[in-house]
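Quick one: structure below, then a few questions.
The values are calculated or read from the model by the stated rules, or taken from the named source; none is laboratory data. Values in this document were obtained by computation on a predicted structure and should not be read as measured data. So basically every Cβ, Gly included, is an ideal-geometry build from the backbone, and we count neighbours across all protein chains shown. We work out accessible area using only protein heavy atoms, side chains counted, and drop any ligands, DNA or RNA first. Shrake-Rupley method; radii C 1.70, N 1.55, O 1.52, S 1.80 Å.
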Amino acid sequence: MAEWNEFYAAAAGASAVLLGLIFVGISINLKAVLSVPGLDKRASIALILLLGVVTISLLMLLPGEATKRRGYILIAGSLFWAMSTFFDAGVYRSKPKKFKPLYLNFILNQLSFLPYMIGGTISLAGNENGFYRAAAAMILAVIKAVIDAWVLLGKLPGKIICNQPHNKKICRKHLHTVLIAMQI
């Protein structure tokens, strides 16, 4: 069981740094984030994904070797799944009709949390193999949060250009790019 401590410490540290960077990026671009429908919810999902990894990793680092106890911690990750799904529904409702059939963002969010529940269930049975599922969930959550961060912070600086009247053509193209990127 102790061999997992280094993984959870690394996951907590890396996710905490990404969480902080995304938080600062959202704060700096708050007006732009709020100006695109659904982007605020997408930002919330990125924060929830990383907060879930940090919280679960830190709880897994608590002293004690009980596989069952750690299984309960992993199943508690369902709380983060519920919050993410709530915000995901808001993102879906705010999409233009032509993008509604695209469920990739929703599927990626679900795949980021499902291994927690599977891993927790396996761990409750006393099998340490459940921790591999939790590791997969953490890795998927970080990847999904980085994709969301790219949409939030990589595409938004061009939105600020749109405030200048001589850039209307660029703005229409940029807004279309943001709407497409929100479907990832």
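Can you give me the solvent accessible area of Phe86 with a 1.4 Å probe, rounded to the nearest 10 Å²?
Near enough 140 Å² of accessible area.
Sticking with this structure for a sec: Suppose each label sits 7 Å from its Cα in the direction of the beta carbon; what would the Phe86-Trp150 distance come out to in nanometres?
2.9 nm
If you take the square roots of the eigenvalues of the alpha-carbon gyration tensor of region 1-134 and sort them as a ≥ b ≥ c, do you get rounded (a/c under 1.5), prolate (a/b over b/c) or oblate?
Cα axes put region 1-134 in the oblate bin.
Over region 52-92, what percent of the accessible surface lies on carbon and sulfur atoms, probe 1.4 Å? Spell out each step's value before the answer.
On the way: 1570 of 1920 Å².
Heavy-atom surface of region 52-92 belonging to carbon and sulfur, 1.4 Å probe: 82 percent.
Let me ask another. Would you tell me the accessible area of Leu153, worked out with a 1.4 angstrom probe on the heavy atoms of the protein chains, in Å² to the nearest 10?
About 50 Å², ignoring ligands and nucleic acids.
Work through the residues other than Ile122 whose Cβ is under 13 Å from its Cβ and net out their charges, Lys, Arg +1 and Asp, Glu -1.
Here the count lands on +2.
Between Leu58 and Lys31, how many nm apart are label points set 7 Å from Cα along the C-beta direction?
Placing both labels 7 Å along Cα→Cβ, they lie 3.4 nm apart.
Rolling a 1.4 angstrom probe over the protein chains, ignoring ligands and nucleic acids, what is the accessible area of Val53 in square angstrom, nearest 10?
Counting only protein heavy atoms, Val53 exposes about 0 Å² to solvent.
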